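Worksheet: one structure, shown below.
Computed from the coordinates by the stated procedures, all read-outs in this text should not be read as laboratory data. Since we're looking at a predicted model, the values are computed, not measured. Methodologically, a virtual Cβ is constructed for each residue, glycine included, from the backbone with ideal geometry; neighbour enumeration extends over all protein chains shown.
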Amino acid sequence: MNVWPLKFRDMSDGSVLFCDDAGGFFKSTHGFLDRYAADSLASLDGTFLREGNHVFDREFDLQWTSFAYRWARRQARTTTMNYVILVPTLRCNLACGYCQVSRAAENARGFDWSDETLASVLSFLDRLEGPDIKIEFQGGEPLLRVDILEAVRDFCRGKFTRSQFVVCTNLQALEEREWAFLDADDTLMSTSLDGDRLTHERQRTHSSAVTDVFFRNLEAAVSRYPEGKISALPTVDVANPPDFDALLDNYERYGIRSVYLRPINHQGFARKIQQGVNVLARWNRLHSDFIDLLIARNHRTGRFMEEYYFSQCLRRVLRFDADNHVDIRNPNFFASDYVVIDHDGRFYPTDEARMLSRIGRIDLSIGDVSTGIDRAKVDVLNSGALNHFDPDCVHCAYQPFCGTDVIDDISRYGRIDVPRPDTWFCGRHLSLFDKVFEVLYRNDEPTRASVAAWLGVGRWDDSMAPTHQ
């Protein structure tokens, strides 16, 4: 009997979590760890490991093939380009202090697509080969150029069999034409809602009149559209977080049951914000407490809300195909199935990469719509876009579920070879997956009900989170 290599991590309850490279996991004791390390497994250990598909008898037998299949299913597969983030304008009608984009003023000149850029973008889209397309309009405030949005959508509807559009908007400038654009069934909305009115005004709108406009338009959108068309996320200042009960009340009031709790990004104007010391540790504690609050609230109300990114990590542990979120995709090869086109027609591998270029820290552009994508630059970035060979990741129990973020490493440290445990990305995701497994192994009914709801399954029980004594 050959045991597939097991990585392990201490859990908060004193037990040990074991994971193999294909994502199989179980909880056991330090006694089992000692037996495993000394190659002195008992017969009951062998039986448990065999039943959990953690062993094989000889190469290419059924257990060996099963493990190889499960490992392969864990790897993100390159597909055709089908997701494009477009930035038709960098101008914005708000001036949020934590803006990660470094937007331009609403009346600034030279920050919109020219007619030539629009034509080149449409030409690029025309060369895409797949039947599907998803377009996300970013900014600035993209609805300031609703004419460009209309031109892109009209083209995509004629070119692709299936198309979907997302408008990331601050909801501050909606007139008849903008509402007409948003009314379409194939067009979704994403906005920012930082909590209750006082928090939102403090962080984003900065005046009562502007805040009135936002909430008036949000209420109009909620009454106008079916649930699910509108999504929102709060940006949280760890030095001055909102009242989370009030935040959840406000989200539920507007029919939004998925909350993506986002820390202030180390990009754009937000780089200047001082949040004090031990920001990462404080963020991890805040996020962990928020998950506990959600579980208790869901049990109390019977109406299940989720923290979007935690749910993504939860699914990543338990499902092979949960790799749509690029932060936890592995490998996460750039410019394969998604790309960003900025206000000046430059290609970027991610939205964060264009932000770094915007502040002049480093040029991470990978071409231009008039000349195409520079694959040589993409290959350099892709050299760090997987965790399989990282000297720290190879020893981590969470490697099968986690990813990499070379853009964030460049932003924070100016390089991509910082020891993984010293990075924000690693520190954040170690805490996230610690919380995921803590929650998976709780045996109280409130937690089980929320886990089942977040996973979209009928029920959750002990058999789904194996334990060995």
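Taking amide H atoms as placed 1.01 Å from N in the peptide plane, list the residues 5 or more away in sequence, or in a different chain, whose amide H sits under 5 Å from that of VAL166.
Under 5 Å from the amide H of VAL166: ILE135, GLU136, PHE137, LEU188.
Neighbouring Cβ atoms within 10 Å as the yardstick, rank THR89, THR301 fewest first.
The most exposed by this proxy come first: THR301, THR89.
With each label point set 7 Å from Cα along the Cα-Cβ vector, what nm distance links ARG262 and ASP392?
The answer from the label model is 2.5 nm.
Could you line up TRP4, TRP454 from fewest to most neighbouring Cβ atoms inside 10 Å?
Placing the least packed residue first, the sequence is TRP4, TRP454.
Only residues of segment 149-181 count here: report those whose backbone N is under 14 Å from the spot 7 Å along Cα→Cβ of THR80, or say none.
Residues 159-163 fall inside that zone.
Note down, for segment 313-469, the three equivalent ellipsoid semi-axes (square root of 5 times each alpha carbon gyration tensor eigenvalue), biggest first, whole angstrom.
Semi-axes from the Cα gyration tensor: 35, 17, 13 Å.
Can you compute the modelled spin-label distance between ILE359 and SER43, with each label point 7 Å from Cα toward Cβ, in nm?
Those two pseudo-labels are separated by 6.3 nm.
Apply the Karplus curve 6.51 cos²θ - 1.76 cosθ + 1.60, θ = phi - 60°, to the phi angles in segment 168-180 and return the couplings in whole Hz, x for Gly and Pro.
For segment 168-180, the Karplus curve yields 8, 10, 8, 6, 9, 9, 10, 10, 4, 5, 5, 4, 4 Hz.
Calculate log10 I(q)/I(0) of the chain for q = 0.09 Å⁻¹, where I(q) comes from the Debye formula with a single equal point scatterer on each Cα and nothing for solvent.
-0.66
How many angstrom lie between the C-alpha centres of segment 117-148 and segment 372-418?
What the calculation gives is 28 Å, centre to centre.
With a Förster radius of 25 Å, plug the Cβ-Cβ distance of ARG375 and GLU116 into 1/(1 + (r/R0)^6) and report the FRET value to the nearest 0.05.
0.60
Which far-off residues, 5 or more places away or on another chain, put their amide H under 5 Å from the one on SER231, with H placed in the peptide plane?
When sequence neighbours closer than 5 places are left aside, the close amide H contacts are MET189, SER190, THR191.
Can you grab the distance from the C-alpha centre of segment 443-469 to the C-alpha centre of segment 1-43, Å, no decimals?
Using only Cα atoms, the two centres lie 21 Å from each other.
Separation between the MET11 and ASP183 pseudo-spin-labels, each 7 Å from Cα along Cα→Cβ, expressed in nm?
In this crude label model, MET11 to ASP183 measures out at 5.4 nm.
Once you charge only the Cβ atoms, +1 for Lys and Arg and -1 for Asp and Glu, what is the size of the charge dipole of segment 1-74 about its Cα centre, to the nearest 20 debye?
In debye, rounded to 20, segment 1-74 gives about 260.
For an R0 of 60 angstrom, estimate the FRET efficiency from the Cβ-Cβ distance between ARG300 and ALA108 and round to the nearest 0.05.
0.80
Sort out for me the Cα centre separation of segment 169-190 from segment 278-318, rounded to whole Å.
30 Å
Report the net charge of residues surrounding ARG459, where surrounding means a beta-carbon distance below 13 angstrom and charges are Lys +1, Arg +1, Asp -1, Glu -1.
Net of charged neighbours comes to -2.
How large is ³J(HN,Hα) for each residue in segment 436-441, as worked out from phi by the Karplus curve 6.51 cos²θ - 1.76 cosθ + 1.60 (θ = phi - 60°), to whole Hz, x for Gly and Pro?
4, 6, 4, 5, 4, 9
Rounded to the nearest 0.05, what FRET efficiency is calculated for VAL279 and PHE60 with R0 set to 45 Å and r the Cβ-Cβ distance?
0.35
Compute log10 of I(q)/I(0) for segment 1-74 with the Debye formula, placing one identical point scatterer on every Cα and leaving out solvent, at q = 0.16, 0.17 Å⁻¹, to two decimals.
-0.57, -0.64
Residues with amide H under 5 Å of ARG262's amide H, sequence separation 5 or more or different chain, H placed in the peptide plane at 1.01 Å from N; which?
Placed amide hydrogens put VAL236 under 5 Å from ARG262.
Per the helix-only calculation at 222 nm, which mean residue ellipticity applies to the chain, given -39500 (n - 2.57) for every DSSP H run of n ≥ 4 and division by its residues, nearest 500 deg cm²/dmol?
Counting only the DSSP helices, I get -12000 deg cm²/dmol.
Give, to the nearest whole percent, the P(r) tail of segment 126-274 beyond 26 angstrom, counting all Cα pairs.
Result for the distance tail: 31 percent.
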